[in-house]
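All of the numbers you see were taken from the coordinates with simple rules; none came from a lab. These figures come from a predicted structure and were not determined experimentally. All Cβ positions, even for glycine, are placed from backbone atoms using ideal geometry, and neighbour counts span all protein chains on display.
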Amino acid sequence: MSSLPCSLLPTTRYLQVLESYMVWCNFSIRIACLMNMHSTGLSAAGQAPRLFSWTTKVGIPLPSLLATSSIGLLCFGSSYIGNGALWSWLQNLVGVSNQIAWLSIGLASWRFRKAWVKQGRSLDGLKFRAAWTWPWGPGFVVCPCYSQQ
């Protein structure tokens, strides 16, 4: 990189940041689609508006996807309100909720496996067993989350 002109270096960094944001957006839309599939089931059970039960011929919950994308667009637009203060609050909220989610996943993994063995069941009876990360995997998830709170 030392042979590159100095004026090209910042552009390269901006492109890397742009690429990471695009990957993140793609991932977020994919997760939103999965959550929208869940809302389709809730809608069919009468626990969400009926509009969200409609899907396209290939199974895409279009109303749910549009609602989720609209909310995301409004949140992104909030970065222009109040010098980005609302955007900072939303980012902090997402960061804290991610830490809480991973803390819960790690603790649930520990508790589930302990309860499974305490009930006298063999670990071979589990349909999925992350053998290569046990027992340090949940601790690897829980300790950093707990230390930051």
Residue-wise HN-Hα coupling along segment 76-81, computed from phi with Karplus coefficients 6.51, -1.76, 1.60 (Hz; x: Gly, Pro): 5, x, 5, 5, 8, 9
Which of K114, K57 has the fewest Cβ neighbours within 10 Å, and the rest in rising order: K57, K114
Whole-Å semi-axes of segment 84-149's equivalent ellipsoid (Cα gyration tensor): 33, 11, 10
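Where does each of K127, K118 land when they are ranked from fewest to most other beta-carbon atoms within 10 angstrom?
Listed from fewest to most nearby Cβ atoms, that is K127, K118.
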Integer Hz, Karplus 6.51/-1.76/1.60 couplings in order for segment 111-121, x for Gly and Pro: 5, 4, 5, 5, 5, 4, 5, 5, 7, x, 8
Partners for K127 among lysines (Cα-Cα distance below 28 Å; same-chain residues under 8 apart left out): K114, K118
